[in-house]
């Protein structure tokens with residue numbers, strides 16, 4: 001499950017090491033604004049990769065993470081893309097935490113206009 005901790009960490013430039021980059025919208029990109037892994041073995045390789053990066057590579061990744069956060073995750077970007085948006089239709093998905101409720105979600109479930 002995607003946790004707010006990842007988003008909060010990104011807001012201060014922490015580089016996510018994640019196996020779910022597609023849970024973000026738009027998706028995070030490996031070695032652009034995250035380090036991706038898929039298996040336990042991949043995680044070990046991802047950590048080795050991070051340890052071997054030079055300072056410039058880490059700083060560029062961090063810069064990209066902050067740019068992503070500002071563009072897609074910050075309060076200002078949320079307001080711009082929802083409350084102040086000129087889009088005719090906006091779909092918002094909310095996780096209520098109960099499986100019964102989540103099973104009922106479909107393309108028409110939660111719509112704001």
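The values are calculated or read from the model by the stated rules, or taken from the named source; none is laboratory data. As the structure is a prediction and not an experimental result, all values here were calculated from the model. We place every Cβ from the backbone using ideal geometry, glycine too, and count neighbours over all the protein chains shown.
Residue count for the range 16-39 satisfying the condition of being crowded, with 19+ Cβ neighbours inside 10 Å, in contact with a strand residue (DSSP E or B) (Cβ under 8 Å, 6 or more places away or on another chain) and not in a strand (DSSP E or B): 3. Under 8 Å between Cβ atoms, which residue pairs at least 6 apart in sequence (or on different chains) link something in the range 1-22 that is at negative phi and modelled with pLDDT under 90 with a partner that is assigned to a helix (DSSP H, G or I) and surrounded by fewer than 15 Cβ atoms within 10 Å (Cβ to Cβ)? Correct list of pairs: 2/23. Quick one: in the range 68-82, which of the residues that are in contact (Cβ under 8 Å) with a residue 60 or more places away in the chain and assigned to a helix (DSSP H, G or I) is surrounded by the fewest Cβ atoms within 10 Å (Cβ to Cβ)? For the range 68-82, the residue satisfying everything is 73.
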